[in-house]
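Novice: Below you will find the structure I want to go over with you.
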Amino acid sequence: MADSKTIISEAEEKMDMAIMYLEDALAHIRAGKADVRLLDGIRVDSYGSMVPINNVAAVTTPDARSIAIKPWDKSMFRIIEKAIIDSELGIMPENNGEIIRLGIPPLTEERRKQLSKQCKGEGETAKVSIRNARRDAIDALKKAVKDGMPEDEQKNSEAKLQKVHDKYIKQIDDMLAAKDKEIMTV
């Protein structure tokens, strides 16, 4: 028989995973500011294997509007440039022979709204994951009652679970509000 604490902690673990997923998803959404994580999804061919750009170059943000990529091997310039051009990033790299610079253009109003909508979609996905974790935990609690758990303990556990659920949903709403503010700030 599973006890209520184990069921709630497993649900909390799943909810934590949803929050971590959302943090990662929001980090990859460009908000007009330079962030090295924008390049995380771009892979380059290095000696026969596909690796992230930060494995073959030093990636930095010298200011809020640009990303600097300094390949450790001069032969990687063309490969990195091509990977960036072929990616969905939508930014043209500038190469001066020493460093590849990505200028992050300011966002248009239309693009800001589009990114905001994308963030809301990612937030909704995370909320669904949290609701599913709550539902699975409630089902486990009901099953535990059939296996001999007292009903009042089940009801108390469900109330605790709802509080945990509400805390995580509020955390997602706060994260989305902060990202939305970051996107909409000109």
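Novice: Take the Cα pairs of segment 8-59, get the Kirkwood Rh, then feed it into Stokes-Einstein at 10 °C and 1.306 mPa s and tell me D in µm²/s.
Specialist: Numbers: Rh = 13.2 Å.
D, rounded to a whole number, is 120 µm²/s.
Novice: Hey, what does the equivalent ellipsoid look like for segment 133-182, semi-axes from the Cα gyration tensor as sqrt of 5 times each eigenvalue, largest first, whole Å? Each step should come with its number before you reach the end.
Specialist: Working: eigenvalues 210, 18, 3 Å².
The answer is 32, 9, 4 Å, longest axis first.
Novice: Okay, moving on. Taking the Cβ-Cβ separation of MET184 and ALA27 as r and a Förster radius of 22 Å, what is the calculated FRET efficiency to the nearest 0.05? Please list the in-between numbers first.
Specialist: Values: r = 17 Å, r/R0 = 0.79.
Calculated transfer efficiency: 0.80.
Novice: Let me ask something additional. Cross-link list LYS142/LYS170; LYS127/LYS167; LYS33/LYS170; LYS14/LYS117; LYS14/LYS142; LYS146/LYS167: which exceed 21 angstrom alpha carbon to alpha carbon?
Specialist: Numbers: LYS142/LYS170 26 Å; LYS127/LYS167 11 Å; LYS33/LYS170 26 Å; LYS14/LYS117 25 Å; LYS14/LYS142 19 Å; LYS146/LYS167 29 Å.
LYS142/LYS170; LYS33/LYS170; LYS14/LYS117; LYS146/LYS167, as the Cα separations exceed 21 Å there.
Novice: Another one. Given the Cα atoms of segment 1-102, and with Rh set as the inverse mean 1/r over their pairs in the Kirkwood sense, what is Rg to Rh to two decimals? Each step should come with its number before you reach the end.
Specialist: Working: Rg = 18.7 Å, Rh = 15.7 Å.
With Rg and the Kirkwood Rh in hand, the quotient comes to 1.19.
Novice: For segment 98-186, max minus min Cα coordinate along each principal axis, in Å, sorted largest first?
Specialist: Principal extents (Cα only, largest first): 68, 29, 17 Å.
Novice: Report the label-to-label distance for ASN96 and ASP40 in nanometres (one decimal), using points 7 Å from each Cα along the Cα→Cβ vector.
Specialist: Spacing of the two 7 Å Cα→Cβ label points: 2.9 nm.
Novice: Where in segment 136-166 is the amide nitrogen less than 20 Å from a point lying 7 Å along the Cα-to-Cβ axis of ILE19?
Specialist: Taking a point 7 Å out along Cα→Cβ of ILE19, the residues of segment 136-166 whose backbone N falls under 20 Å are 136-138, 158-166.
Novice: Setting aside same-chain residues fewer than 8 positions from LYS74, which lysines have a Cα under 23 Å from its Cα?
Specialist: Straight-distance partners of LYS74: LYS82.
Novice: In vacuum, with every alpha carbon of the chain counted as one equal point scatterer, what does the Debye formula give for log10 I(q)/I(0) at q = 0.11, 0.16 Å⁻¹? Two decimals, please.
Specialist: Reported log10 I(q)/I(0), two decimals: -0.64, -0.94.
Novice: I need the peptides 83-92, 16-25 ranked by packing, meaning the mean over residues of other C-beta atoms within 10 angstrom, with the highest value on top.
Specialist: Numbers: 83-92: 13.7, 16-25: 15.3.
The most tightly packed comes first, giving 16-25, 83-92.
Novice: Then there is this: If packing is taken as the mean number of other Cβ atoms within 10 Å per residue, what is the order of 120-132, 44-56, highest first? Don't jump to the answer; show the numbers that get you there.
Specialist: Working: 120-132: 16.8, 44-56: 14.2.
Taking the mean over residues of other Cβ atoms within 10 Å, the ranking is 120-132, 44-56.
The numbers here are math on the coordinates, done by the rules we state, and not lab data. Computed from a prediction, not measured in an experiment: that's the story for all the values here. Cβ sites come from the backbone with ideal geometry, for glycine too, and all protein chains shown count toward neighbours.
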